[in-house]
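*Asks:* Once you've had a glance at the structure underneath, I'll fire off some questions.
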Amino acid sequence: MAPKLKAQFDAEKVLNDTQSQFEMIQILDEDGNVVNKKLLPDLSDEQLVELMERMVWTRILDQRSISLNRQGRLGFYAPTAGQEASQLASQYALEKEDFILPGYRDVPQLIWHGLPLTEAFLFSRGHFKGNRMPEGVNALSPQIIIGAQYVQTAGVALGMKKRGKQAVAITYTGDGGSSQGDFYEGINFASAYKAPAIFVIQNNNYAISTPRSKQTAATTLAQKAISVGIPGLQVDGMDALAVYQATKEARDRAVNGEGPTLIETITYRYGPHTMAGDDPTKYRTSDEDSEWEKKDPLVRYRKFLENKGLWTEDKENEVIERAKSEIKTAVKEADNTEKQSVTDLMELMYDEMPQHLAEQYEIYKEKESK
């Protein structure tokens, strides 16, 4: 081994000093107590309650979706329990004109941005009607390719800027997505053009079964923002108020022409990566699960609202029953939707169908007519 040369400057100190700047932003502790009053968002009591209603409703949706998947009545599904604050509080900070480019775990944000629940179920089933956003819903369907939505978001945000729109494009990926090349390309492009974008990394500790510690040596994922010259924030992703405030300020910066922001939310998924065979007991311990359950975003926020006299068990039960009823209705509507045929898919894919597929089209059309 070659002898170590005497350094003329302390590179390690520069690195450590930089990494130490990214302290996790928190407003509520695990018991729902306010620990940072100056960061409290300017939300009315009605808005505070509405945010809780959305989180409770979505937790029920997750539970029901898992059951439907196990019954064979849904297709692809990525559980969301544990990530409600990260997902819904960030979406709550948006305006209707803002554009969402979600990952495959981010269907809840689409629903609260305007996607009908029936169409969300159809998306899971692979039906083309579940991949078409209704008029007035500014969003793309969930991206399956890891990190690809980051590049798309940079383009959408630049388009908004060129059109003079006072709106932002927001996207989400997991900690695994931040290890993809598309992640850097997206934030770098948006930075170079000061595009009005918000990039969210939902750090739920695992990219399927790979722990975050094996993906990168960086102390935080938020610090990756420095490489492209944009602000990076690390936020307690189990704290709805902290997530809301961080996103709100990022949006304000973006629409004021100050460019994009990268937000890392420290969160946890209680279920498997997806329902397609992943077994989290193979790579997570029961002690780890128990520790994160103490940080449950619904429990924490519930305590906060109860302390303010804004939430009761009866109120929560009302939301739960409403969620069950609306989910039941949407599932029935999805069941009654005309089945997608092979010829439907071929017609949607091409304006001018290639000759070899045109031949197959006629074959399938005849089969479907019988």
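Values quoted throughout were computed directly from the atomic coordinates according to the rules given, and no laboratory measurement underlies them. Remember, it's a predicted structure, so these values are computed and weren't measured experimentally. Cβ sites come from the backbone with ideal geometry, for glycine too, and all protein chains shown count toward neighbours.
*Asks:* Sequence neighbours fewer than 8 away in the same chain don't count; with that in mind, list the aspartates and glutamates whose C-alpha is under 18 Å from Lys324.
*Replies:* Of all the aspartates and glutamates, those that pass the test against Lys324 - Cα under 18 Å, at least 8 places apart if same chain - are Glu50, Glu53, Asp62, Glu84, Glu119, Glu313, Asp314, Glu316, Glu333, Asp335.
*Asks:* Once you put a point 7 Å from the Cα of Lys13 and another 7 Å from the Cα of Ala217, both along the Cβ direction, what distance in nm separates them?
*Replies:* The two pseudo-label positions are separated by 2.0 nm.
*Asks:* Charges only on Cβ, +1 for Lys and Arg, -1 for Asp and Glu: so what's the dipole of the chain about the Cα centre, in debye to the nearest 20?
*Replies:* Values: 44 positive and 55 negative charges, 118 e Å.
Charge dipole, the chain, about its Cα centre: 560 debye, nearest 20.
*Asks:* What does the extension gain come out to for Thr337 and Ala276, with contour length at 0.36 nm per residue minus their alpha carbon separation?
*Replies:* 19.5 nm
*Asks:* Val137 to Ser286: FRET efficiency via 1/(1 + (r/R0)^6), r the Cβ-Cβ distance, R0 45 Å, to the nearest 0.05?
*Replies:* On the way: r = 40 Å, r/R0 = 0.90.
About 0.65, to the nearest 0.05.
*Asks:* While we're on this one: Taking the beta-carbon count within 10 Å as an exposure proxy, list Thr267, Thr171 from fewest neighbours to most.
*Replies:* The order, fewest Cβ neighbours first, is Thr267, Thr171.
*Asks:* Would you order Arg269, Arg322 from fewest to most other beta-carbon atoms within 10 Å of each residue's own beta-carbon?
*Replies:* Neighbour counts put them in this order, fewest first: Arg322, Arg269.
*Asks:* Which ³J(HN,Hα) values, rounded to whole Hz and listed in residue order, are derived for the range 211-219 from phi using the Karplus coefficients 6.51, -1.76 and 1.60 in 6.51 cos²θ - 1.76 cosθ + 1.60 with θ = phi - 60°, glycine and proline given as x?
*Replies:* Residue by residue, the range 211-219 yields x, 4, 4, 8, 8, 7, 8, 5, 5 Hz.
*Asks:* Residue-wise, which Karplus ³J(HN,Hα) couplings in Hz belong to the range 197-202, taking 6.51 cos²θ - 1.76 cosθ + 1.60, θ = phi - 60°, and x for glycine or proline?
*Replies:* Whole-Hz 3J(HN,Hα) from phi for the range 197-202: 10, 10, 10, 10, 9, 8.
*Asks:* Starting from the Cα of Val34, move 7 Å in the Cα-to-Cβ direction to define the label point; list residues of the range 62-89 whose amide nitrogen is under 12 Å from there.
*Replies:* Hits in the range 62-89 for Val34 at 12 Å: none.
*Asks:* Which cross-chain or sequence-distant (5 or more) residues have an amide H under 5 Å from the amide H of Gln143, H modelled 1.01 Å from N in plane?
*Replies:* It is Gly103, Tyr104, by chain and number.
*Asks:* If you rank Ile146, Ile100, Ile320 by fewest surrounding Cβ atoms within 10 Å, what's the result?
*Replies:* Ranked by crowding around the Cβ, least crowded first: Ile320, Ile146, Ile100.
*Asks:* For the range 300-305, just list the computed ³J(HN,Hα) in residue order, Karplus coefficients 6.51, -1.76 and 1.60, θ = phi - 60°, integers in Hz, with x standing in for Gly and Pro.
*Replies:* 4, 6, 4, 4, 4, 5
*Asks:* Let me ask something else. Amide H to amide H under 5 Å from Leu233: which residues, 5+ apart in sequence or cross-chain, H placed 1.01 Å off N in plane?
*Replies:* Leu262, Ile263, Glu264
*Asks:* Per residue Cα convex hull volume for the range 248-370, in cubic angstrom? All intermediate terms of the calculation are to be shown ahead of the outcome.
*Replies:* Numbers: hull volume 34.2 nm³, N = 123.
Here the figure is 278 Å³ per residue.
*Asks:* If you stretched the chain out fully between Ile145 and Ala192, how much longer would it get, using 0.36 nm times the residue separation minus the C-alpha to C-alpha distance?
*Replies:* 14.5 nm
*Asks:* Filter the cross-link list Lys96/Lys332; Lys165/Lys339; Lys38/Lys194; Lys214/Lys295; Lys214/Lys308; Lys13/Lys161 down to pairs whose alpha-carbon distance in this structure exceeds 32 Å.
*Replies:* Among Lys96/Lys332; Lys165/Lys339; Lys38/Lys194; Lys214/Lys295; Lys214/Lys308; Lys13/Lys161, the Cα-Cα distance tops 32 Å for Lys165/Lys339; Lys214/Lys308; Lys13/Lys161.
*Asks:* Another one. Of all DSSP beta bridges in the chain, what percent run antiparallel (nearest 5)? Mind showing how you got there, number by number?
*Replies:* Details: 3 of 26 bridges.
In the chain, DSSP labels about 10 percent of beta bridges as antiparallel.
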